[in-house]
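This report refers to the structure that appears directly beneath it.
The values are calculated or read from the model by the stated rules, or taken from the named source; none is laboratory data. Please read all numbers here as calculations on a predicted model, not as lab measurements. Methodologically, a virtual Cβ is constructed for each residue, glycine included, from the backbone with ideal geometry; neighbour enumeration extends over all protein chains shown. When the accessible area is computed, the model is the full protein with side chains, heavy atoms only, and any ligands, DNA or RNA have been set aside. Shrake-Rupley method; radii C 1.70, N 1.55, O 1.52, S 1.80 Å.
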Amino acid sequence: MKNTKTLWNHNFAYNGWISKVVGKRNRILDVGCGDGTLAQFLRTPDNHILGIDPSTSSIQRAKEQNEYDNVDFVQTSFEDFNAENTKFDAIIFVASIHHMNMKEAIAKAKSCLEKNGVLIIVGLAKPANFLDWTIEALRVVPSGIISAIKNNTTSEELNIDVSYDIPQMTEVRNICAKQLYGHTLRYGLHYRYLLTWENK
């Protein structure tokens, strides 16, 4: 397997953006952390990051590759996760929320967020209207070029659980409109949507 420090894929592409949104927030929960790449990328000397994932193999790799005392990994689904009255300053879902009931996952995330904490979702959704399909088509060429240059390594190649049972953008928009007042939702380049919401 390639060295994970040199890997790039459509999810890792947003690590820098996520880091900017997280900023100096200290207690961070990475939901569906996979092999722990994002958690370790976000690590600073002053924060604490907890990565959770239901996959035994993913958590094992995350722990084996972990170099830091303030980054921890626990094998659990988000549905079964017990925050034990801990509130997080940032909760992150990268290509993971479509593995869950999105309404329930967002409700639980909101209950676990500290005041002024931020919810970040890098998600996948099927185009639902003409605008969606137009954007989807416009993303093909630039995403393909960047993927070739960066030597895209898929989640399947990393033995990370993948689900293509993804919602339509209409469903995502409706859920977010009802549950996340004041959220920001936009398209990312690599077939992802990018959502942020602050618990004000």
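Could you check how many residues of region 186-200 are within 22 Å of Glu114 (Cβ to Cβ) and open to solvent by less than 60 Å² (accessible area, probe 1.4 Å)?
5
Find the residue count for region 75-89, including only residues that are under 16 Å from the mean Cα position of the chain (by Cα) and either small (Gly, Ala, Ser) or not in a loop (DSSP other than H, G, I, E, B) (or both).
Going through region 75-89 one residue at a time, the tally reaches 3.
Restricting to region 11-39, name every residue that is in contact with a strand residue (DSSP E or B) (Cβ under 8 Å, 6 or more places away or on another chain) and over 14 Å from Val74 (Cα atoms).
Within region 11-39, Asn11, Tyr14, Trp17, Ile18, Val21, Val22, Arg25, Asn26, Arg27, Leu38 meet the criteria.
Which of the residues that make up region 82-110 are among the β-branched types (Val, Ile, Thr) and closer than 15 Å to Val162 by Cβ?
Val94, Ile97
Tell me, yes or no, whether region 152-161 has at least one residue that is closer than 21 Å to Ile91 by Cα and touching a Lys or Arg at 6+ places or on another chain (Cβ under 8 Å).
no
Could you tell me whether any residue of region 130-137 is under 20 Å from the mean Cα position of the chain (by Cα) and not charged (D, E, K, R)?
No, region 130-137 contains no residue that is under 20 Å from the mean Cα position of the chain (by Cα) and not charged (D, E, K, R).
Please count how many residues of region 99-117 are in contact with an Asp or Glu (Cβ under 7 Å, 6 or more places away or on another chain) and open to solvent by 10 Å² or more (accessible area, probe 1.4 Å).
Count: 3.
Considering only helices (runs of 4 or more DSSP H) fully contained in region 90-200, which possess at least 2 residues that are at pLDDT below 95?
Of the helices (runs of 4 or more DSSP H) lying wholly inside region 90-200, those with at least 2 residues that are at pLDDT below 95 span 130-150.
So Gln60 clears everything in (1) in a loop (DSSP other than H, G, I, E, B); (2) surrounded by fewer than 21 Cβ atoms within 10 Å (Cβ to Cβ); (3) without any contact (Cβ under 8 Å) to a residue 60 or more places away in the chain except one condition, right? Which one?
(1)
Does Ser143 meet the test of being of a type in the set (S, T, N, Q), surrounded by 15 or more Cβ atoms within 10 Å (Cβ to Cβ) and over 25 Å from Ile59 (Cα atoms)?
Yes.
Scan region 17-47 residue by residue and report those that are open to solvent by 50 Å² or more (accessible area, probe 1.4 Å) and either without any contact (Cβ under 8 Å) to a residue 40 or more places away in the chain or in contact with a Cys (Cβ under 9 Å, 6 or more places away or on another chain) (or both).
Hits for region 17-47 are Lys20, Lys24, Phe41, Arg43, Thr44, Pro45, Asp46.
Applying the selection to region 155-184, what residues are polar (S, T, N, Q), open to solvent by less than 50 Å² (accessible area, probe 1.4 Å) and over 23 Å from Ala107 (Cβ atoms)?
Scanning region 155-184 gives a single hit, Ser155.
Just one of Tyr14, Tyr68 is open to solvent by 10 Å² or more (accessible area, probe 1.4 Å) and not in a loop (DSSP other than H, G, I, E, B); which is it?
Tyr14
Can you tell me which residue is surrounded by the fewest Cβ atoms within 10 Å (Cβ to Cβ) among those in region 71-98 that are under 20 Å from Phe41 (Cβ atoms) and among the β-branched types (Val, Ile, Thr)?
Among those residues, the one meeting the criterion is Val74.
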